[in-house]
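Heads up: the structure comes next, in structure tokens.
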There are 2 protein chains.
Amino acid sequence: MSVKTILLAHGSSDLNWSRTFEELAAPALARHNSSELAFMELSKPSLEDKVKEAKDQGAEKVLVLPLFLAEGRHLRKDVPAMLAEYEERYGIKTSLLPPIGKHPKLSEALADIVSDMIP
Amino acid sequence: MSVKTILLAHGSSDLNWSRTFEELAAPALARHNSSELAFMELSKPSLEDKVKEAKDQGAEKVLVLPLFLAEGRHLRKDVPAMLAEYEERYGIKTSLLPPIGKHPKLSEALADIVSDMIP
């Protein structure tokens, strides 16, 4: 099955915000050419843009990895509702993964960052 | 100079939110016993609690590492204002670091997480 991965960040009207996520996602996107960055609101490209694009490129399924540290209302309610709507609109399956903050590799990276910081 | 490090997360009225940050921070806190987790609002312990505690324990300076992926209004305005207030109130120096999302180790961890996910 042809699968695309969307790294989903919150958006902002501030361009520095989206630039930070572009830089954060850059190594992942460079390593995986079936992955894309999208924003749930305010910034472009939108989640809908990227779901539609995946369908147009022949993908049967989209995995959505939230670039969020924890689950709040957005990940419990808003994003699932958006994905249900896009599944129906574009005839594609979607799967919402846990936010990156729940992944053990992120905890380890944080411990390393604190080690770098502390003299 | 005696320095304490505070890992600063946003808070939430949802207990699952703070639990996620406790788990995320656990390896860093275990490795560095001069570091603590605090929340800027809604969850406990608060940033003010931890700045006061650092002062009571004899620290001269507090480094604040934001457990945020990018800088929005909170990190540009609200947190600096809080820290300026606590510096004056408790007679301690503070330094606000860039959010973890800007650290290259976080980008690398994200690339590894995506590698794990993609079959």
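The values are calculated or read from the model by the stated rules, or taken from the named source; none is laboratory data. The structure displayed is predicted, hence computed values, not measured ones. So basically every Cβ, Gly included, is an ideal-geometry build from the backbone, and we count neighbours across all protein chains shown. Quick note on the areas: whole protein, heavy atoms, side chains included, nothing else; ligands and nucleic acids left out. Shrake-Rupley method; radii C 1.70, N 1.55, O 1.52, S 1.80 Å.
At 0.36 nm per residue, minus the direct Cα-Cα distance, what do A:M117 and A:M1 gain on full extension? Give it in nm, one decimal, please. Mind showing how you got there, number by number?
Numbers: separation 116, 0.36 × 116 = 41.76 nm, distance 4.37 nm.
Here the answer is 37.4 nm.
Using +1 on the beta carbon of Lys and Arg, -1 on that of Asp and Glu, and nothing else charged, what's the dipole of chain B about the Cα centre, debye to 20?
280
When the C-alpha atoms of segment A:10-72 are aligned to their principal axes, what extent does each axis show, in angstrom, from largest down?
Principal extents (largest minus smallest coordinate, Cα): 33, 23, 23 Å.
Remind me, what semi-axes does the protein assembly as shown give for its equivalent ellipsoid, largest first in whole Å, using sqrt of 5 times each Cα gyration tensor eigenvalue?
Numbers: eigenvalues 253, 59, 44 Å².
Semi-axes, largest first: 36, 17, 15 Å.
Can you pull the one-decimal nm distance between simple spin-label points at B:L97 and B:D78, each 7 Å off the Cα toward Cβ?
2.2
Please report the Cα spread of chain A along all three principal axes, rounded to whole Å, starting with the longest.
53, 28, 25
With every protein chain left in place and a probe of 1.4 Å, what is the accessible surface of B:H10, to the nearest 10 Å²?
Using a 1.4 Å probe on the heavy atoms, I get roughly 40 Å².
Under 14 Å Cα-Cα from B:K105, which aspartates and glutamates qualify once same-chain neighbours fewer than 8 residues away are excluded?
Excluding near neighbours in sequence, the set is A:E23, A:E108, A:D112, A:D116.
What is the gain in length, in nm to one decimal, between A:E85 and A:E23 on full extension, counting 0.36 nm per residue of separation less the C-alpha to C-alpha distance?
Fully extending the segment from A:E85 to A:E23 adds 19.4 nm.
Hey, what number do you get for chain B at 222 nm if only DSSP H runs of n ≥ 4 count, each worth -39500 (n - 2.57), divided across all residues, to the nearest 500?
Numbers: 4 runs with 53 residues, N = 119.
Rounded to the nearest 500, it is -14000 deg cm²/dmol.
How would A:M40, B:M117 rank on accessible area, largest to smallest, probe 1.4 Å? Could the numbers behind the result be given before it?
Details: A:M40 20, B:M117 45 Å².
Greatest to least solvent exposure: B:M117, A:M40.
Put A:S13, A:S35 in order of accessible area, largest first, 1.4 Å probe: what do you get?
Values: A:S13 110, A:S35 10 Å².
Ranking A:S13, A:S35 by accessible area, largest first, yields A:S13, A:S35.
Put +1 on the Cβ of every Lys and Arg and -1 on every Asp and Glu Cβ in segment B:1-96; which of B:S95, B:L7, B:A38 then has its Cα farthest towards the positive end of the dipole?
B:S95
Need one value: the accessible area of A:L75 in square angstrom, 1.4 angstrom probe, rounded to the nearest 10.
10
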